[in-house]
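Only one structure is covered here, and it is reproduced in the block below.
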Number of protein chains: 2
Amino acid sequence: MTEPLNTGLLLFLPYRALEARVFAGLAAAGFDDLTPAQARVFQRVAPGGSRTTALAEQAGITKQSAGFLVDQLERAGYVERVPDPADGRARLVRVAERGARSVEVSRGIVAEVEAEWEAHLGARRMAQLRRLLADLREITDPWR
Amino acid sequence: MTEPLNTGLLLFLPYRALEARVFAGLAAAGFDDLTPAQARVFQRVAPGGSRTTALAEQAGITKQSAGFLVDQLERAGYVERVPDPADGRARLVRVAERGARSVEVSRGIVAEVEAEWEAHLGARRMAQLRRLLADLREITDPWR
DNA sequence: ACGAGATGGTAAGAGACTCTGACGAGATTG
DNA sequence: CAATCTCGTCAGAGTCTCTTACCATCTCGT
C-alpha cells in the first residue's frame, strides 16, 4: 500500500474531498449535528424507506451499529421509523422532514463540486469518468 | 447525497472493495492485528520516514490520534521511531521489518485486484481511469 | 398445521478511535 | 534574547463499532 499511487488511494482522495465539502456546507446551513458515521447511514436510506439491516449491509457495519446510528438520526429529526406493513418484525427507516431539507442542501453542494471537477477535466472526460466508475461498480458493489 | 448515484459514491464503492480485499489478504497472511485506522496511517509512511504531524494531516486526523495509532503500529512491529536529525523535537516514523513484509503482501493483493479491474474494463479504459483520477487529484489533494 | 431454522431487531458490555484543551521542549524570527 | 511557532505528549471525554446473547416474527419442509 505504500507505492507512490495505487488506484485505491486515487479513488479515495476525491471521495474524501467531496465528503469534506458536503460536511462543511451542511454545517454552515445549520445541519451541524450530523456526524460522518450518521451521514454514511443516512445517505443510504431509500426513497420508500429502508430496513435497518439493509442499511447496515450497505454501509458495511453491523446491524447493532446501524441501529445505534438510526436512533441518533431519529432523535435529531433526520429520519423516522414506521412499521413495515410487509413484515411484523421489521420497521422501515424513512427520511423525515428535516432530513429531506438536508438532502436538498447536500445535493446542491455535490452539484457544485461536480461542476468544479467538470471544469477541471472537461465535460467529455467527466462523463468518461462517471461511465468508467459505473462500469467498475458492476464488480465492486455487492448490492447490484 | 441521496440521489441514485452521485460521483462520490461511485468513487467510494471500488475503494472500499479494494480495501476489503487487502485486509482479508493481510489477515490471511498473518497480519491479522492491523486495524483499518492503523492501516490508513501506516499507508502514508514515506520511504525515508514521516513525522507524526505529517501523517496526521495526510490521514485527515489530529496529531493526537496519529500518535496513538503510531504507538500501536510500533508495538506491533510495523514501524519504528527514530530521532529526526533535522529537528530535535521531532521523531521520524519509519517502516520496520514486519511492516515491510506486510507492504509486500498488500502490494501483491492490490496488483491482483487491479488486474481484475483491468480485465473487466480493458487495458485502454483502465489506463484512462487512472489518468482521469490522477488529474482529479490535482484539485482534490491538498498535499501535492 | 406445526416445528425447525432463518431473519429483523434490540440489549449489554467492551474495545477502538477520535476529539478538545493544555502543556513541555525545541526551533525560528526579529 | 524574547516572542512566537511547531512537534509531540498527556489527560479526559465522547463517538463509533464490535461480540455475544436474546426475543419476536417469518419462511419452509413435512
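Check which residues have an amide H placed less than 5 Å from A:Leu92's amide H, if you skip close sequence neighbours.
Placed amide hydrogens put A:Val82, A:Asp84 under 5 Å from A:Leu92.
Per residue, how much accessible area does the protein assembly as shown show when a 1.4 Å probe rolls over the protein heavy atoms, in square angstrom?
I get 49 Å² per residue for the protein assembly as shown.
On the protein heavy atoms, probe 1.4 angstrom, tell me the percent of accessible surface of region A:1-140 carried by carbon and sulfur.
Details: 3630 of 6700 Å².
Carbon and sulfur atoms account for 54 percent of the accessible area of region A:1-140.
What is the mean number of Cβ atoms from other protein chains located within 10 Å of the Cβ atom of each residue in peptide B:119-130, rounded to a whole number? List each step's numbers first, then the result.
Numbers: counts 1, 5, 5, 1, 0, 0, 5, 3, 0, 5, 10, 5.
For peptide B:119-130, the averaged partner shielding equals 3.
Which residue fluctuates the most in chain A, going by a Gaussian network model with Cα springs under 10 Å, if the choices are A:Val82, A:Val22, A:Val103?
Fluctuation is largest for A:Val82.
Computed on protein heavy atoms with a 1.4 Å probe, what is the summed buried accessible area for the chain pair B and A, in Å² to the nearest 100?
Separately minus together, B and A give about 5300 Å² buried.
Roughly how many whole Å is it from the C-alpha centroid of region A:62-84 to that of region B:1-59?
Rounded to whole Å, the Cα centres lie 27 Å apart.
Where a ≥ b ≥ c are the square roots of the eigenvalues of the C-alpha gyration tensor, would you call region B:63-144 rounded, which needs a/c under 1.5, or, failing that, prolate if a/b is larger than b/c, or oblate?
The shape class here is oblate.
Count charges around B:Arg75 for me, please; just the other residues with Cβ under 12 Å from its Cβ, Lys/Arg as +1, Asp/Glu as -1. Write down the numbers at each step before the final one.
Details: positive: B:Arg81, B:Arg98; negative: B:Asp33, B:Asp71, B:Glu74, B:Glu80.
Cβ neighbours under 12 Å give a net charge of -2.
Only helical DSSP H runs with n ≥ 4 go in: add -39500 (n - 2.57) per run for chain B, normalise by residue count and round the 222 nm mean residue ellipticity to 500 deg cm²/dmol.
-21500 deg cm²/dmol
Take the alpha carbon atoms of the protein assembly as shown, find their radius of gyration, then divide it by 2.2 N^0.38 Å using N residues; give the quotient.
Relative to the rule-of-thumb radius for its length, the protein assembly as shown sits at 1.07.
Using only Cα atoms, what is the ratio of the radius of gyration of chain B to 2.2 N^0.38 Å?
1.17
Quick check on region B:20-81: take the gyration tensor over C-alpha atoms, sort the square-rooted eigenvalues as a ≥ b ≥ c, and tell me if it's rounded (a/c under 1.5), prolate or oblate. Intermediate values should be presented prior to the final figure.
On the way: a/c = 1.89, a/b = 1.67, b/c = 1.13.
Prolate, because a/c is 1.5 or more and a/b exceeds b/c.
Quick check on region A:5-53: take the gyration tensor over C-alpha atoms, sort the square-rooted eigenvalues as a ≥ b ≥ c, and tell me if it's rounded (a/c under 1.5), prolate or oblate.
On the way: a/c = 2.87, a/b = 1.29, b/c = 2.22.
Oblate shape, in that a/c is at least 1.5 and b/c is the bigger or equal ratio.
Based on the Cβ-Cβ distance of B:Asp32 and B:Lys63, what FRET efficiency does E = 1/(1 + (r/R0)^6) give at R0 = 30 Å, to the nearest 0.05?
For R0 = 30 Å, the calculated efficiency reads 0.60.
The values are calculated or read from the model by the stated rules, or taken from the named source; none is laboratory data. A quick note: this is a predicted structure, and the numbers were derived from the prediction, not measured. Every residue, glycine among them, receives a Cβ derived from its backbone with ideal geometry; neighbour counts consider all protein chains shown. All accessible areas refer to the heavy atoms of the entire protein, side chains included, with ligands and DNA or RNA removed. Shrake-Rupley method; radii C 1.70, N 1.55, O 1.52, S 1.80 Å.
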